[in-house]
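Working notes, beginning with the structure itself.
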Amino acid sequence: MKILIIGLGGAGFFAAMSAKKTNKDAEITIIEKRDYDMFSPCGLPYAIEGIITFESLKHEILAEKMGMVKLLRHEAIKINPDSKTVDIRNLDNGEIKTLNYDCLIIATGANPIIPPIKGVQKFIGNGIYVVDTPESAEKIKKASEKSNSAVVIGAGAIGLEVAVSLKKLGLDVTVVERLPYALPKAIDPDISKILEKHLKKLGIGIKLNKKVHEIIGKDSIESVLLDSGDSIKTDFIVLAVGIHANFDLAKDVGIKISQCGILTNPKMETSIKDIYAVGDCVETVSLINHRPWMMQLATSAYKQGMIAGKNAVGGYSTYSGSLTTFVTVIGNLEVAATGFNQFFCNLNGYKTVIGKAKGKTKPEWYPYAKDLTVKIIADAQTGRILGGQAIGEEGAAWRINVIALAIKNQNTIYDLSDAELCYCPVVSDTYDVLIKAADFAIRKFEKRL
């Protein structure tokens, strides 16, 4: 059985591994445009800072030892479903050849969004940079070595992580976000206020609810002009406004897509039989209400790859959806979230009750106890947990992991309140802030009855 995989990111890699594990006789060929195998994109901000090297982010997979064929520096240019073939181009010599498949897995990932700001196209790659590969991130590192200031456009996770890295390198950094608060897809304004206070403490400027109107400069960037009329002097700019699914190959062949990504069924199969799609290039569904949803996270890409690889060689597995369970570390502050925030609850028609608690990660009397805030969002009619957010110097991530499991199991705030957590003063308190937040939500829920 011939399996052809387009793209060697996390989703493509795990698809290959899963297919080989399920059917050791499968003939697997992977097509990748880069001249190296894989890299870890979530580590790019830390390479910019210098905590790790750019080379350490690159990973070699021993495809040949596992009986797979790996074609680096090759690009898929056309899918031919009728003949079950893919035309590929050798990027070194331009040679075009055709490969056969029994099942095809598209794992083409996503591309950084380049916003239509006046002046961006003039300086892109030469004063304006994106953060999507080790090569692009290394350009930011080199720009920082000869600069005094930088503007980051976008207050999502990557934008804020890069802002912190540049600040630690000694630059004056300003983040500009067009929405009213930071991390708008993950957290709510009240949790964002804690984050924004932390950013200011780090010395990072943040302009919220502002749009960049124009990039000013003749031969090099001099400043950015905001829609408010304010101007920010800067030596270079980092674009971190999000990513867009790379679905051109699928679209060209008539595979059904949405504005967000390639459409698949729970088996990760597209609208054309024997063609699957996984990772950042697909639109998935929310695990909460099973409506269309975008996740574009490594954890979801890994699961989708495993499922598609297994199904492609005759196995059976399904993907139930994503909660977009997420964590970032901004300076020394953990910010984590799962499920719907209040904006998405409202958008999807849920009336909610909120339980928010502030406490310590350890007993008050024990040294090094850190502040931690946990917020739980529940359905006002049923008490079912819809989302959670946590922020603090430690402990935010594992509490969000607990909430994510509760949402997946369709637990209520009563179930979470009744959960038995481990206790030792070195690591936790007897009445954990997570349980406290659930109890606060229960009080509000019962008042509505």
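The values are calculated or read from the model by the stated rules, or taken from the named source; none is laboratory data. Just so we're clear, the structure is a prediction, and the values are computed from it rather than from any experiment. Neighbour counts are summed over all protein chains in view; Cβ atoms, including those assigned to glycine, are modelled from backbone coordinates with ideal geometry.
With the condition kept exactly as written, say whether any residue in the range 426-433 is of a type outside the set (Val, Ile, Thr), surrounded by 14 or more Cβ atoms within 10 Å (Cβ to Cβ) and outside any loop (DSSP other than H, G, I, E, B).
no
State which residue pairs qualify: first residue under 15 Å from Gly156 (Cβ atoms) and touching a residue at least 24 places away in the same chain (Cβ under 8 Å) and inside the range 208-222, second residue crowded, with 16+ Cβ neighbours inside 10 Å and charged (D, E, K, R) in any location, beta carbons under 6 Å apart, and separation of 6 or more residues or different chains.
Cβ pairs passing all conditions: Leu208/Glu177.
Report, by residue number, each residue of the range 272-303 that is crowded, with 22+ Cβ neighbours inside 10 Å, touching a helix residue (DSSP H, G or I) at 6+ places or on another chain (Cβ under 6 Å) and in a helix (DSSP H, G or I).
Gly279, Ala301 - these are the residues of the range 272-303 that are crowded, with 22+ Cβ neighbours inside 10 Å, touching a helix residue (DSSP H, G or I) at 6+ places or on another chain (Cβ under 6 Å) and in a helix (DSSP H, G or I).
Before we move on, is Ala137 at pLDDT 95 or above, not in a strand (DSSP E or B) and not assigned by TED's automatic domain parsing to the domain that holds Met17? Let's see the steps before the verdict.
On the way: at pLDDT 95 or above: yes; not in a strand (DSSP E or B): yes; not assigned by TED's automatic domain parsing to the domain that holds Met17: yes.
Yes: the conditions hold for Ala137.
Give the number of residues within the range 57-71 that are out of contact with any Pro (no Cβ under 9 Å at 6 or more places or on another chain), surrounded by 13 or more Cβ atoms within 10 Å (Cβ to Cβ), under 16 Å from Arg34 (Cα atoms) and not charged (D, E, K, R). Steps first, please.
Filtering the range 57-71 for residues out of contact with any Pro (no Cβ under 9 Å at 6 or more places or on another chain) gives 59-71.
Checking the rest, the ones that are also surrounded by 13 or more Cβ atoms within 10 Å (Cβ to Cβ) come to 61, 63, 66, 68-71.
Subset that is under 16 Å from Arg34 (Cα atoms): 61, 63, 69-71.
So of that shortlist, the ones also not charged (D, E, K, R) come out as 61, 63, 69, 71.
The number of residues fulfilling the criteria is 4.
Identify, please: which residue in the range 166-208 is part of a helix (DSSP H, G or I) and of a type in the set (Val, Ile, Thr) and is, among those, surrounded by the most Cβ atoms within 10 Å (Cβ to Cβ)?
Restricting to residues being part of a helix (DSSP H, G or I) and of a type in the set (Val, Ile, Thr), the top hit is Ile191.
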